[in-house]
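The values are calculated or read from the model by the stated rules, or taken from the named source; none is laboratory data. Please read all numbers here as calculations on a predicted model, not as lab measurements. Here Cβ is always computed from backbone atoms with ideal geometry, including for glycine, and neighbour counts include all displayed protein chains. For accessibility, only protein heavy atoms count, side chains too; no ligands or nucleic acids. Shrake-Rupley method; radii C 1.70, N 1.55, O 1.52, S 1.80 Å.
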Amino acid sequence: MAAVALAVAVGGEASVAKALAEGGRQRAVAEQSAWSLNGAEAVDAVTRQAAVRGLTALPVSRDTRRPPMVADVAQRSALLGLPARLSPDGAGIDVGYPDAPVTLTVFEDFRCPVTRDFESAQGATLADLATRHAVLVRYVVESSLDQRLPGPGALFATNAARAALAHGRFPLYHALLFANQPPESEAGFTENRLLEIASAVPGLRGPAFDAEVHRLWYRAWVAGAQRSYDDAHVHHGTPSLLLNGQEVDLGAQPQLLRDPAALRALVRNATPSG
């Protein structure tokens, strides 16, 4: 299935709160200090402009609404320390260290609720294994759910994730996209929402990243990732797993999608001895 080519929606930037992890539980973020400062500066600018013109400034009320909320992940610290790069074929994204003896390829779709559940159950385990140099996680992201769901959310999210890679912040942003996945029936992965989620990743937001999100800068790469998924002919859709290039039968081993001990055993048993 080919990714749907859709026109880019125009949206303004929005600020968001920082994400904080606490005891492995997802929690809403607190207000970002920059949001408060920007609001105050806007008020002061209006007052100054009125004074320059010799006018009495009209009362300007500050916007006291809370910014949108972003759910966090327990493995935040581990993900911030993990390297990520394009896979050798250029269609996937490798997270972890090249000296890892095992490569686990994970096929995902940012709009897939089953993949969201897999990431919720196993994301921390994958991050730990990658941190320990035990496994290299290769993500291949498809976007075909856009063909039967409202809006181009998978296209937008995959493009934004690729932009996050270009700016050295893919691992945490990837996890936060799943932690903040909108309901399947909604076109929730808008450009503005993707930027809000990005604000919870230290050092990610900036003019270049924001422009790449707005302009669908990596649209061609998204299409290439879709072709890579299609060419793999996996039997379980998303998520699907390849262990050192061989497909894992998730029908026979469904516990791999939800049981950290089972996933650790899979990697351990595939690790060459000695």
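Residue pairs, Cβ under 7 Å, 6 or more apart or interchain, first in region 145-172 and farther than 14 Å from A187 by Cα and basic (K, R), second open to solvent by 10 Å² or more (accessible area, probe 1.4 Å) and assigned to a helix (DSSP H, G or I). List them.
R162/W221
Based on what the data block shows, is A163 farther than 19 Å from D117 by Cα and hydrophobic (A, V, I, L, M, F, W, C)?
Criteria met by A163.
How about region 76-121: which of its residues are open to solvent by 30 Å² or more (accessible area, probe 1.4 Å) and part of a strand (DSSP E or B)?
Within region 76-121, A84, R85, L86, T103 meet the criteria.
In region 226-241, which residues are more than 11 Å from L155 (Cα to Cα) and under 21 Å from the mean Cα position of the chain (by Cα)?
Of everything in region 226-241, those that are more than 11 Å from L155 (Cα to Cα) and under 21 Å from the mean Cα position of the chain (by Cα) turn out to be R227, S228, Y229, G237, T238, P239, S240, L241.
Checking the condition of a type in the set (K, R), within 16 Å of L79 (Cα to Cα), in contact (Cβ under 8 Å) with a residue 12 or more places away in the chain and open to solvent by 30 Å² or more (accessible area, probe 1.4 Å), which residue from R132, R138 passes?
Working: R132 fails: in contact (Cβ under 8 Å) with a residue 12 or more places away in the chain.
Unique residue meeting the criteria: R138.
Could you list, in sequence order, all residues of region 241-264 that are out of contact with any helix residue (DSSP H, G or I) (no Cβ under 9 Å at 6 or more places or on another chain), farther than 27 Å from D89 by Cα and in a loop (DSSP other than H, G, I, E, B)? Break it down into steps so the answer makes sense when it comes.
Of the residues in region 241-264, the ones out of contact with any helix residue (DSSP H, G or I) (no Cβ under 9 Å at 6 or more places or on another chain) are 245-246, 249, 251-252, 254.
Filter again for farther than 27 Å from D89 by Cα, leaving 251-252, 254.
The answer is G251, A252.
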